[in-house]
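Contents: one structure, followed by commentary.
The values are calculated or read from the model by the stated rules, or taken from the named source; none is laboratory data. Values in this document were obtained by computation on a predicted structure and should not be read as measured data. Here the Cβ is made from the backbone with ideal geometry for all residues, glycine too, and neighbour counts use every protein chain on show.
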Amino acid sequence: MTIAIIGGTGPQGQGLALRFARAGIPVALGSRDGVRGAEIAAELNQRLAGAGAQIVGVNNDAAVAKADEIVILAVPFSAHNVTLEAIKAGLKGKILVDIVVPLSANDPKLVSMPPEGSATEAAQALLGPEIPVIGALHNVSATTLNTLDWDINCDVLVCGDDLTARMKVMELCNKLGVTSYNAGPAQSARCIEAITPILIRINISKAVPFSHAGIKIWAPSH
Ligand SMILES: NC(=O)c1ccc[n+]([C@@H]2O[C@H](COP(=O)([O-])OP(=O)(O)OC[C@H]3O[C@@H](n4cnc5c(N)ncnc54)[C@H](OP(=O)(O)O)[C@@H]3O)[C@@H](O)[C@H]2O)c1
């Protein structure tokens with residue numbers, strides 16, 4: 001089953017493309033510039049050295065068309081709505097996975113939520129009820145994804161108003177070797193998206209001896 005990653009040329013899109021392809025899932029990596037998409041895809045395939053499935057680089061519209069069912073949106077928040085408007089027609093019958101975090105323009109340690117409540121809810125409002133929008137993968141670091149000999153150090157919280165679509169996206173995320181949790185309706189994205197700037201704050205804090213923090217659902221010790 002081919003998935004598409006829109007804005008797949010950025011660090012997060014590239015990391016996801018590598019991880020999904022290595023897990024055997026063909027990836028259509030989208031860019032506004034199909035040539036750039038093809039160049040980046042070639043570099044990523046070289047890194048994978050034949051392990052797993054192929055990554056094909058094309059323009060964003062062609063990537064959406066190649067996706068069997070799941071299209072991941074991996075652009076900056078400033079490009080969220082304009083990109084969705086551009087690909088909306090091709091999304092009929094597919095699931096949009098929104099990984100976008102509405103970071104503040106001037107400070108990545110803060111969020112600046114849209115009037116709908118979250119990027120996930122803004123996407124659902126823009127696309128309408130016939131295209132299910134699922135929020136996921138907001139709290140996974142691009143550095144972790146791109147460092148292929150590291151395990152992904154966190155769990156994935158998945159939310160959205162369509163339960164069937166949510167379960168499909170959880171199943172897809174689990175192929176990355178993570179545990180996904182059903183985090184409920186799209187409104188939960190208000191909390192999930194807002195965790196990322198806190199992780200960024202912790203990452204750059206001199207108070208902790210690590211970076212690329214993630215979130216983990218963990219049993220408390222008794
Ligand atoms: N980086 C992380 O660690 C991380 C972690 C969790 C979540 N996220 C979320 O994942 C998303 C992608 O992150 P990123 O760091 O990969 O982002 P990025 O590098 O800023 O952008 C990703 C891609 O989006 C496209 N893009 C950039 N500006 C655009 C514009 N004005 N209009 C349309 N497309 C544009 C570009 O692709 P083309 O030029 O090829 O079209 C770019 O390569 C963000 O929403 C971020 O919040 C990131």
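Provide a single number: the residues in the range 2-54 that are crowded, with 16+ Cβ neighbours inside 10 Å, within 14 Å of the ligand (Cβ to nearest atom) and under 16 Å from the mean Cα position of the chain (by Cα).
Qualifying residue count for the region: 19.
Looking at the range 81-101, which of the residues that are surrounded by 22 or more Cβ atoms within 10 Å (Cβ to Cβ) and near the ligand (Cβ under 8 Å from one of its atoms) is farthest from the chain's Cα centre (by Cα)?
Val101
On the basis of being more than 16 Å from the chain's Cα centre (by Cα), crowded, with 17+ Cβ neighbours inside 10 Å and closer than 21 Å to Gly15 by Cβ, does Ile200 make the cut?
Here the answer is yes, as Ile200 does meet what is asked.
Suppose we keep only residues that are aliphatic (A, V, I, L, M) and either crowded, with 16+ Cβ neighbours inside 10 Å or within 28 Å of Arg47 (Cβ to Cβ) (or both) within the range 102-124. Which one would you say is nearest to the ligand (Cβ to nearest atom)? Can you show your working first?
First pass over the range 102-124, keeping only residues aliphatic (A, V, I, L, M): 103, 105, 110-111, 113, 119, 122-123.
Among the residues that remain, those that are also either crowded, with 16+ Cβ neighbours inside 10 Å or within 28 Å of Arg47 (Cβ to Cβ) (or both) are: 103, 111, 113, 119, 122-123.
Numbers: Leu103: 6, Val111: 10, Met113: 13, Ala119: 8, Ala122: 12, Ala123: 11 Å.
That would be Leu103.
For a quick check of your reading of the model, give me the residue pairs whose first member lies in the range 171-187 and is farther than 20 Å from Asp149 by Cα and in a helix (DSSP H, G or I), whose second is at pLDDT 95 or above and polar (S, T, N, Q), with beta-carbon atoms closer than 6 Å and at least 6 apart or on different chains.
Close Cβ pairs satisfying both conditions: Ala186/Thr120; Ala186/Gln124.
Give the residues of the range 126-137 that are crowded, with 16+ Cβ neighbours inside 10 Å and more than 16 Å from the ligand (Cβ to nearest atom), sorted by residue number.
The first filter runs over the range 126-137 and keeps only residues crowded, with 16+ Cβ neighbours inside 10 Å, leaving 126-127, 131-137.
Scanning the range 126-137 gives Leu127, Ile131, Pro132.
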